[in-house]
Amino acid sequence: MIELENVSKNYGTNEVLKELSFTGKQGDFISIRGKSGVGKSTLLRIIGLLESPDKGEVKLFGKSTSKLNDEQKSSLRLHSTGFIFQFFNLIPSLTVLENIELPLALAGVKRIERKKRATELLNHFDVANLANRFPPTLSGGEKQRTAIIRALTNNPKIILADEPTSSLDGENSALLMELLSQINKERDTTIILTTTDLYEKLPTNRNYILKEGRLQDTNKP
């Protein structure tokens with residue numbers, strides 16, 4: 001589903017990723033750990049086609065993405081990838097329901113249908129009580145759950161979560177991981193999350209550390 005071959009990325013003289021290779025299969029739940037600034041967010045942005053590598057190849061669903069134009073990349077992101085950001089990226093002037101509907105609106109789904117689908121997701125994850133509230137009135141945990149549900153609206157095959165627990169306390173972090181694990185199992189969705197915590201126990205089946213521009217597989221003995 002995801003294949004990176006010898007991917008490199010530089011910012012000026014800083015080589016963030018160094019000939020990095022990586023594969024992700026359908027249903028994988030993957031953690032990428034590493035200190036702040038080592039390139040975890042850059043790696044997710046490259047997988048999500050928000051940035052291009054300076055060298056190397058990115059393949060999604062078995063096809064090279066190097067020759068896709070911006071419109072084609074945008075369409076692939078919209079219909080195949082869900083993003084969960086560190087600081088939620090909710091629009092404060094929209095209700096929770098409207099925030100969740102937003103990717104559907106961008107995909108051209110009619111208003112009645114997108115409201116129905118967004119409401120079904122809120123009910124499924126038992127947070128329908130949040131539907132008419134605005135982001136500034138939500139707790140950190142409620143904001144992150146809203147952001148996760150928004151990432152699911154277009155039934156993505158891949159979810160990229162950039163340090164999703166960094167703004168949450170221990171209890172809400174645990175709830176978030178339970179939710180991601182539920183999504184992974186119920187939908188067979190490939191999830192890649194990043195974290196700065198090198199030792200946190202996570203419900204992942206594949207685990208890596210990003211260090212000095214390369215991934216170290218911590219599953220191997």
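The trypsin sites (Lys or Arg not before Pro) found in the stretch 8-99 that occupy coil by DSSP, while having at most 16 further C-beta atoms within 10 Å, are Lys25, Lys35, Lys67.
Taking amide H atoms as placed 1.01 Å from N in the peptide plane, list the residues 5 or more away in sequence, or in a different chain, whose amide H sits under 5 Å from that of Gly82. Counting only residues 5 or more places away or on other chains, the set is Ile158, Ile159, Leu160. Relative to the dominant Cα principal axis of the chain, helix 140-152 is inclined by about 80°. Annotation: aspartates and glutamates with alpha-carbon distance below 16 angstrom to Lys63 (same-chain offsets under eight excluded): Glu3, Glu5. So how tilted is helix 70-80 from the main axis of the chain? Cα-based, degrees 0 to 90, rounded to 10. Value to nearest ten degrees: 60. Between Gln26 and Gln86, the contour length at 0.36 nm per residue exceeds the Cα-Cα span by 19.2 nm. Nearest 5 is fine: what % of DSSP beta bridges in the stretch 2-217 come out antiparallel, could you say? That works out to approximately 50 percent antiparallel.
Going by neighbour counts of Cβ atoms within 10 Å, the residues Asp54, Asp28 line up, fewest first, as Asp54, Asp28. What separates the Cα centres of the stretch 20-39 and the stretch 152-194 is a distance of 14 Å. Charge dipole (Cα centre; +1 on Lys/Arg Cβ, -1 on Asp/Glu Cβ; no other charges) of the chain amounts to roughly 420 debye. Our summary gives the stretch 93-163 a relative contact order of 47 percent, counting only alpha carbon pairs under 8 angstrom and 6 or more residues apart.
Neighbours of Leu168, meaning other residues whose beta-carbon lies under 11 angstrom from its beta-carbon, give a summed charge of -2 when Lys and Arg score +1 and Asp and Glu score -1. So for the chain, averaging the separation of alpha carbon pairs under 8 Å that are six or more residues apart and normalising by length, what relative contact order in percent results? Relative contact order, the chain: 33 percent. Of Tyr199, Ala174, Leu106, whose Cα points farthest to the positive end of the dipole of the chain (charges on the beta-carbon: +1 Lys, Arg; -1 Asp, Glu; origin at the Cα centre)? In the chain, that residue is Leu106. For the stretch 1-78, applying the loop criterion from DSSP together with a ceiling of 15 other beta carbons within 10 Å to the GluC sites (Glu not before Pro) yields Glu51. By how many degrees, between 0 and 90 and to the nearest 10, does the Cα long axis of helix 111-124 differ from the longest principal axis of the chain? The angle comes out at about 80 degrees.
Computing FRET efficiency as 1/(1 + (r/R0)^6) for Ser66 and Thr196, where r is the C-beta to C-beta distance and R0 is 25 Å, gives about 0.25.
Every number here is computed from the coordinates shown, using simple stated rules; none is lab data. Source: prediction; values computed, not measured. Counting neighbours? That spans all protein chains shown, and the Cβs are built from the backbone with ideal geometry, glycine included.
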